[in-house]
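**Student:** If you scroll down you'll find the structure; I have some questions about it.
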Amino acid sequence: MHLRSVILLLLVIPSRLIADDLNGIWKGSLTQDPGGCYPRYSIELQINFNNNNIIGKAYDFYDTTKYIKISFTGRYNPVTHRLVLIENKVLEVNIPIDCIPCIKTYDLIYSIKGDEETLAGDWKGHIINMQNACPPGKIYLKKASHSDFVVDIEQNDTLEAIQETLHLKPRSKEMVKTVTVNSPKIQIQLYDNAEIDNDTITVFINNKLLLYRQGLTDKPLTINFNAFANTEYELVMYADNLGLIPPNTALMVVTAGTKKFEVFLSSSEEKSATVKFVYKKPDNQ
């Protein structure tokens, strides 16, 4: 092959070599064979995708007031474009009393045509807390720009258990800044902003507890999370105390891709400092 032909070939095919990006919100429909509560449901998957591993949340609903929220894990094969998702924990149930939650396994194929990305395939499952099979069905989803529900942040079991019994005094929020990033992988580091004086903080993102009564020092408190495009994430820094030198202040260092930002936060017994994050995809993606 001539050198010119090789160069032309390399110019043509790189777009096919870009890794598939399943990260984000997927919305569509799920059908069920006779015997289920409804023959057709709406469904939303919130997929956190990293190195072909998947975690996320599924909203299986007849309408947004009648839904089941279930966490899932999964794996993606970039060669076959196949992903398998396995639901593992029912998080919320708000469905008619005569309907029974079904724990599902999805077998899906990812495809892209132009700007439209889809997931399509089959699902099967079993009735919650039983081995009885649910009537199976089909599923079809498109990647979406927004969610019909609150977008969750992943939280470990220890913090989840603490939050279930946590009762904090309500405080107003003081918006400090909106940080716009061009990478979905966001790292937040929090330091004491002045003299180290025993400030402790509790931090939430989208109402999920991510730091609990942690002291601010010259060593960072670190939060990593995966952002969906065009979705707001609200961080709230709640002051557990005011330290020796009020108010409770922190330096926040945000790293996303090659960009780094610094934000100064101050919380008191009346107000909690708040920062919003938005991931905007670059125009060439």
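**Student:** What pairs come up if the first residue lies in region 188-207 and is farther than 17 Å from His167 by Cα, the second is of a type in the set (Val, Ile, Thr) and in a loop (DSSP other than H, G, I, E, B), and their beta carbons are under 8 Å apart, counting only those six or more places apart or on different chains?
**Tutor:** Tyr191/Thr217; Asp192/Thr217; Ala194/Ile245; Glu195/Ile245; Ile196/Thr217; Asp197/Ile245
**Student:** Is it the case, given these coordinates, that Gly74 is of a type outside the set (S, T, N, Q), buried (at least 17 other Cβ atoms within 10 Å of the Cβ), assigned to a strand (DSSP E or B) and in contact with a Cys (Cβ under 6 Å, 6 or more places away or on another chain)? Step through it out loud before you land on a result.
**Tutor:** On the way: of a type outside the set (S, T, N, Q): yes; buried (at least 17 other Cβ atoms within 10 Å of the Cβ): yes; assigned to a strand (DSSP E or B): yes; in contact with a Cys (Cβ under 6 Å, 6 or more places away or on another chain): no.
So Gly74 fails the test.
**Student:** Quick one: in region 126-143, which of the residues that are under 13 Å from Thr31 (Cβ atoms) and within 24 Å of the chain's Cα centre (by Cα) is surrounded by the fewest Cβ atoms within 10 Å (Cβ to Cβ)?
**Tutor:** Going through region 126-143, the residues under 13 Å from Thr31 (Cβ atoms) turn out to be 134-141.
Of the ones still in play, those that are also within 24 Å of the chain's Cα centre (by Cα) are 139-141.
Numbers: Ile139: 23, Tyr140: 15, Leu141: 23.
Step by step, filter region 126-143, then rank; the result is Tyr140.
**Student:** Also, I was wondering about something else. From (1) exposed (fewer than 14 other Cβ atoms within 10 Å of the Cβ); (2) over 20 Å from the mean Cα position of the chain (by Cα), pick out the condition that doesn't hold for Glu174.
**Tutor:** (1)
**Student:** Can you tell me which residue in region 221-232 is farthest from Val151 (Cα to Cα), limited to those that are at pLDDT 95 or above and surrounded by 15 or more Cβ atoms within 10 Å (Cβ to Cβ)?
**Tutor:** In this case the residue turns out to be Leu221.
**Student:** Scan region 112-125 residue by residue and report those that are small (Gly, Ala, Ser) and either modelled with pLDDT under 95 or buried (at least 16 other Cβ atoms within 10 Å of the Cβ) (or both).
**Tutor:** Here is the first cut: in region 112-125, the ones small (Gly, Ala, Ser) are 114, 120-121, 125.
Once the filter is applied, which keeps residues that are small (Gly, Ala, Ser) and either modelled with pLDDT under 95 or buried (at least 16 other Cβ atoms within 10 Å of the Cβ) (or both), region 112-125 yields Gly114, Gly121, Gly125.
**Student:** Give the number of residues within region 69-90 that are aliphatic (A, V, I, L, M) and more than 17 Å from Ile25 (Cβ to Cβ). Quick ask: steps written out before the conclusion?
**Tutor:** At the first step, the residues of region 69-90 found to be aliphatic (A, V, I, L, M) are 70, 79, 83-86, 90.
Then drop every residue that is not more than 17 Å from Ile25 (Cβ to Cβ), which leaves 79, 84, 86, 90.
Residues meeting the conditions: 4.
**Student:** So, in region 233-262, exactly how many residues are more than 30 Å from Asp148 (Cα to Cα) and hydroxyl-bearing (Ser, Thr, Tyr)?
**Tutor:** Selection size over region 233-262: 2.
Here is a yes/no grid of residues against (1) touching a Lys or Arg at 6+ places or on another chain (Cβ under 6 Å); (2) of a type in the set (Val, Ile, Thr); (3) closer than 28 Å to Lys276 by Cα:
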site	(1), (2), (3)
Leu91	yes, no, yes
Cys102	no, no, no
Tyr106	no, no, no
Gly121	no, no, no
Ile128	no, yes, no
Ala133	no, no, no
Ala144	yes, no, yes
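**Student:** Could you list all residues from region 77-96 that are modelled with pLDDT under 95 and either part of a strand (DSSP E or B) or at positive phi (or both)?
**Tutor:** Of everything in region 77-96, those that are modelled with pLDDT under 95 and either part of a strand (DSSP E or B) or at positive phi (or both) turn out to be Asn88, Lys89, Val90, Leu91, Glu92, Val93, Asn94.
The values are calculated or read from the model by the stated rules, or taken from the named source; none is laboratory data. Remember, it's a predicted structure, so these values are computed and weren't measured experimentally. Counting neighbours? That spans all protein chains shown, and the Cβs are built from the backbone with ideal geometry, glycine included.
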